[in-house]
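The values are calculated or read from the model by the stated rules, or taken from the named source; none is laboratory data. Just so you know, these numbers come straight off a predicted model, no measurement behind them. Positions of Cβ are generated from backbone atoms using ideal geometry, with glycine treated the same way; all protein chains shown enter the neighbour counts.
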Amino acid sequence: MVDSDEGDVRIIFADASSSNRRKVFEAPTERLDGSTLQSEQIIVPFSAETIHQDDLLIVEVKVGTASTADYALTKVQIPVTKLNKSTKQETPTFLRDSDLRSADVTLTANTWVVLGTYTVSAQEGLKLGQRIPDNSRIYIALVENA
C-alpha cells in the first residue's frame, strides 16, 4: 500500500442518466489528504444548487500513475446537507467511502476515473457543504495498491 501520488479530485452533480453533468468542486489530492491539519483542510462552500431524488453525486479522481484505490484503506469525508422534502428540515452530515462504493477502483494514469457515486434517496434533496463553514471540511485520503 502506498499513499496516492499527486492528482486531482472533482465532485460532479448529475441527473439520473448522467447525461447532464455539472462540476461543483475540484481540488488537488494533496490538499484533501486526511493527514492534513484540520485548520489546513479545504472548506467546501455551502452549495446554492440542490440535487434531487435519483440524481447523482459523483466523485472522480485523476492520478499520475496507474494503480488501484484500496477500498479498505481509502478514507472519504464529504460534507453535505440532506433536505427532507416533506418536513423541509435540513440535516448536515457527511458522505463516507462506504456511501460511495464497495470495492477497490482501478485508476488509469492521467484519466478521470469514478471513485464513487451517491444516489439521492426518495423524498430527499442534497447540497454540497454545510451552512457552518468550519463544519464543512472535506478530506479524501486516497490509498493506492502499488
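Couple of notes before you dig in:
- For the range 91-99, the criterion of being under 20 Å from ASP15 (Cα atoms), within 15 Å of the chain's Cα centre (by Cα), surrounded by fewer than 14 Cβ atoms within 10 Å (Cβ to Cβ) and not β-branched (Val, Ile, Thr) is satisfied by no residue at all.
- Among the residues making up the range 75-89, a single one is surrounded by fewer than 16 Cβ atoms within 10 Å (Cβ to Cβ) and in contact with a helix residue (DSSP H, G or I) (Cβ under 7 Å, 6 or more places away or on another chain): LYS75.
- Of the numbered criteria (1) more than 20 Å from GLU144 (Cβ to Cβ); (2) surrounded by 15 or more Cβ atoms within 10 Å (Cβ to Cβ); (3) modelled with pLDDT of 95 or more, the one ARG21 fails is (2).
- Only a single criterion out of (1) modelled with pLDDT of 90 or more; (2) surrounded by 19 or more Cβ atoms within 10 Å (Cβ to Cβ) is not satisfied by THR29, namely (1).
- In the range 86-109, the residues that are among the basic types (Lys, Arg) and without any contact (Cβ under 8 Å) to a residue 12 or more places away in the chain: LYS88
- Screening the range 51-74 for residues that are surrounded by 15 or more Cβ atoms within 10 Å (Cβ to Cβ), in a loop (DSSP other than H, G, I, E, B) and of a type outside the set (A, V, I, L, M, F, W, C) and picking the one that is farthest from the chain's Cα centre (by Cα) gives THR65.
- Only residues that are over 16 Å from ILE43 (Cα atoms), among the small types (Gly, Ala, Ser) and assigned to a strand (DSSP E or B) were counted across the range 122-146, and they come to 1.
- Residue list for the range 100-120, restricted to those being outside any strand (DSSP E or B) and surrounded by 14 or more Cβ atoms within 10 Å (Cβ to Cβ): LEU100, ARG101, ASP104, TRP112, VAL120
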